[in-house]
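> This is the structure, below, for whatever I ask next.
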Amino acid sequence: MWKEENNTLTRTFEFKNFVDAFAFMTKVAFEAEKMDHHPTWTNQYNIVSISLTTHDQGNSVTDKDEKLARKIDNLFGGGNSKFKK
């Protein structure tokens, strides 16, 4: 579940292993690039933490952040059995 705090949407995702986490990040990267809206994120082995905020709108949460969050959620739960739910 996404949390909104300090003008940022944040969520942490857990995967079976590093390869699954990195594959997820790659999919997110393609979606973010299409939207020209890029997350701040970290990856530690099977954990991916993502923060979304719109920098050119005064570092606040906007529709762009919410739209990207929905796309990320769809990628995470998109029927790929490798992803933990």
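> Once the convex hull of the C-alpha atoms of the chain is built, how many Å³ does it hold per residue, rounded to a whole number?
Values: hull volume 6.6 nm³, N = 85.
Considering the Cα atoms of the chain, their hull volume per residue is 78 Å³.
> Next question, about the same structure. Whole-Hz ³J(HN,Hα) for each residue in the range 40-55, computed from phi via Karplus 6.51 cos²θ - 1.76 cosθ + 1.60 with θ = phi - 60°, x for glycine and proline: what do you get?
9, 8, 9, 9, 10, 6, 9, 10, 10, 10, 10, 10, 10, 7, 9, 5
> Next up: Working from Cα positions, state the angle (0 to 90°, nearest 10) between the long axis of helix 18-35 and the longest principal axis of the chain.
Value to nearest ten degrees: 30.
> Arranged from highest to lowest average of other beta-carbon atoms within 10 Å per residue, in what order do the peptides 69-76, 16-23, 54-61 appear? If you can, show how the numbers build up before the last one.
Details: 69-76: 16.9, 16-23: 14.5, 54-61: 12.5.
Per-residue Cβ counts within 10 Å, averaged per peptide and sorted highest first, yield 69-76, 16-23, 54-61.
Taken together, the values in this text are just the output of simple stated rules run on the coordinates, not laboratory data. None of the values given here were measured: they were computed from a predicted structure. Reconstructed Cβ throughout: ideal geometry from the backbone, glycine too, with neighbour counts over all protein chains shown.
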